[in-house]
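S.K.: Below is the structure I would like to discuss, written out as structure tokens.
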Amino acid sequence: MKKIALITSGGDAPGMNACVRAIVKSCLVKGIVPVGYYDGYDGMMNNRFKEMKTEDVVNIIQRGGTVLGTARSEEFKTVEGRKKAIESLRQNEIDGFICIGGDGSFTGASILGDEMSIPVIGIPGTIDNDIYGTDRTIGFDTAMNTVVTAVDKIKDTAGSHHRIFLVEVMGRDAGFIALETAIASGAASVLIPEERSNIELLAEDLRSQGKRRGNLIVIVAEGDDAGGAKEIHSKLVPLMEGYTLRYSILGHIQRGGSPSAFDRILATRMGVYAVESLLNGENNMVVGSLGDKLHLTPIKDAVSKESIPDLEHLKIIKALKTVC
Ligand code: ADP
């Protein structure tokens, strides 16, 4: 193997740069040329790339976002779009491909690899943590820490004004961020897409926990079946007479920032492992970390099997309910 292409694709996540650095450096050590394509599949289709050198990855381990850029591309989902990408990869004499991204990006990588007959390896980079075959995805730990820091600040004002705050966190389809940060921030309750939400029961629960005039936090995953924080706030207000409720949507701050030590280490280990896997003849696999050991899961399983948070954690939040 002489040349490996790499992209960051789909939603950005803190730690992607640490992973790019690890892939580039381990390629260079082994005499392989790493070719970084800009803006995911978009750059691949439009022949925008750079043969990466050590100086391209100096001082990026601590940077959030992705120096390669990322994008979503509908064109790449078409045969014609992928033909353009394949032309660029052939011109560059690419003989292996590493894709850092989520489910959609891995599906694209697998189709591309089959059409072009080159091996592909995926690395899970998403703050949502919703990839089958790994306990943790790159970026999840940093996003959780960002949420916890923000909620700590909201708790100061919630406490001072005796208010109940609904805090909306990212998670259109998955409640990992909501569930874990609810525990870490001492929330009174949490609403996640994996559990049916009942606003009347929530109101009852908050009233029983908030007899001393509020000062409670409810973490809401943006994809909860009862709606986002704004919608749930409007449903809750009429049921919570005597209490003051506010909501806060944390939004894109959850994607940014310098990656945590955990994410840097995970990203670095996964990057090195992906290059080794390609050299060992692996193909159509996603790198995962289970019980802190790295391993490979077939892409077809990683993209088709569901990854759901540990719902036992809901019991922890209930077990620690405020007793008034
Ligand atoms: P993520 O990788 O975070 O799940 P997306 O689902 O948006 O993000 O996928 C990223 C990109 O991967 C898409 O914009 C598209 O270019 C490519 N992709 C996704 N699904 C497919 C598919 N079924 N076939 C080919 N390419 C795909």
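The values are calculated or read from the model by the stated rules, or taken from the named source; none is laboratory data. Because the structure is a prediction, the values reported are computed rather than measured. Neighbour counts run over all protein chains shown; Cβ positions are idealised from the backbone, glycine included.
S.K.: Go through the residues of segment 49-57 one by one and say whether even a single one is more than 14 Å from the ligand (Cβ to nearest atom), under 30 Å from ALA174 (Cβ atoms) and either buried (at least 23 other Cβ atoms within 10 Å of the Cβ) or basic (Lys, Arg) (or both).
M.R.: No: zero hits.
S.K.: Do you know which residues across segment 223-235 are touching a helix residue (DSSP H, G or I) at 6+ places or on another chain (Cβ under 9 Å) and either among the polar types (S, T, N, Q) or surrounded by 22 or more Cβ atoms within 10 Å (Cβ to Cβ) (or both)?
M.R.: ASP224, ILE232
S.K.: Given the structure, is PRO34 touching a helix residue (DSSP H, G or I) at 6+ places or on another chain (Cβ under 7 Å), within 30 Å of LYS77 (Cα to Cα), outside any helix (DSSP H, G or I) and within 16 Å of the ligand (Cβ to nearest atom)?
M.R.: no
S.K.: Any idea which of ILE121, ILE86 is within 14 Å of the ligand (Cβ to nearest atom), in contact with a Leu (Cβ under 8 Å, 6 or more places away or on another chain) and at pLDDT 95 or above?
M.R.: Within the list ILE121, ILE86, the selection yields ILE86.
S.K.: Next question. Kindly indicate whether ALA143 is out of contact with any His (no Cβ under 6 Å at 6 or more places or on another chain), within 25 Å of GLY227 (Cα to Cα) and surrounded by fewer than 23 Cβ atoms within 10 Å (Cβ to Cβ).
M.R.: Taking the combined requirement at face value, the residue does not satisfy it.
S.K.: May I ask you to verify whether GLY125 is closer than 24 Å to SER304 by Cα, crowded, with 19+ Cβ neighbours inside 10 Å, touching a residue at least 40 places away in the same chain (Cβ under 8 Å) and not assigned by TED's automatic domain parsing to the domain that holds PHE176?
M.R.: On the way: closer than 24 Å to SER304 by Cα: yes; crowded, with 19+ Cβ neighbours inside 10 Å: yes; touching a residue at least 40 places away in the same chain (Cβ under 8 Å): yes; not assigned by TED's automatic domain parsing to the domain that holds PHE176: yes.
Taking the combined requirement at face value, the residue satisfies it.
S.K.: Kindly indicate whether LEU68 is modelled with pLDDT of 95 or more, within 20 Å of ALA274 (Cα to Cα), within 16 Å of the ligand (Cβ to nearest atom) and hydrophobic (A, V, I, L, M, F, W, C).
M.R.: In short, yes.
S.K.: Right, another one. How many residues does segment 160-187 hold that are surrounded by 23 or more Cβ atoms within 10 Å (Cβ to Cβ) and in a strand (DSSP E or B)?
M.R.: Of the residues in segment 160-187, 6 are surrounded by 23 or more Cβ atoms within 10 Å (Cβ to Cβ) and in a strand (DSSP E or B).
S.K.: Quick check: is even one residue across segment 62-80 among the hydrophobic types (A, V, I, L, M, F, W, C), surrounded by 13 or more Cβ atoms within 10 Å (Cβ to Cβ) and touching a Ser or Thr at 6+ places or on another chain (Cβ under 6 Å)?
M.R.: Yes, there is a match, as at least one residue in segment 62-80 is among the hydrophobic types (A, V, I, L, M, F, W, C), surrounded by 13 or more Cβ atoms within 10 Å (Cβ to Cβ) and touching a Ser or Thr at 6+ places or on another chain (Cβ under 6 Å).
S.K.: Is it fair to say THR134 is of a type in the set (S, T, N, Q) and part of a helix (DSSP H, G or I)?
M.R.: It is false that THR134 is of a type in the set (S, T, N, Q) and part of a helix (DSSP H, G or I).
S.K.: Can you tell me which of ILE154, ILE183 is within 15 Å of ILE316 (Cβ to Cβ), over 18 Å from the mean Cα position of the chain (by Cα) and touching a residue at least 24 places away in the same chain (Cβ under 8 Å)?
M.R.: Criteria check complete, one pass: ILE183.
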